[in-house]
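First comes the structure, then the notes that go with it.
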Amino acid sequence: MAYRGLVSRERIERAARIYRTNEQAAAALGITPTSFGRLCRRYEVLSPSDRRKRRKNRKLGHQGGGYAST
């Protein structure tokens with residue numbers, strides 16, 4: 001796929017850490033939010049969206065969610 005040459009794993013990881021939403025992170029990288037989410041899954045990076053879901057599930061007492069342990 002064309003993504004590998006355009007956006008490195010390091011840039012995806014950094015954007016996922018810095019921004020609160022997938023939309024903000026994607027805009028900073030110049031890609032669509034859908035592509036950003038797909039790249040996060042491909043590189044097994046916890047996206048801002050996954051981080052929110054994980055936080056919500058922990059409050060509710062659920063386990064799991066996301067890819068990386070942070």
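Distance between the pseudo-spin-label points of ARG17 and LEU60 (7 Å out from Cα toward the beta carbon): 2.9 nm. For a paramagnetic label modelled on LYS53 (point 7 Å from Cα along Cα→Cβ), amide N atoms under 15 Å away belong, within the stretch 18-41, to 21-23, 34-41.
Read the figures in this text as sums done on the coordinates, not as results from a lab. Keep in mind that this is a model prediction, so the values were computed, not measured. Methodologically, a virtual Cβ is constructed for each residue, glycine included, from the backbone with ideal geometry; neighbour enumeration extends over all protein chains shown.
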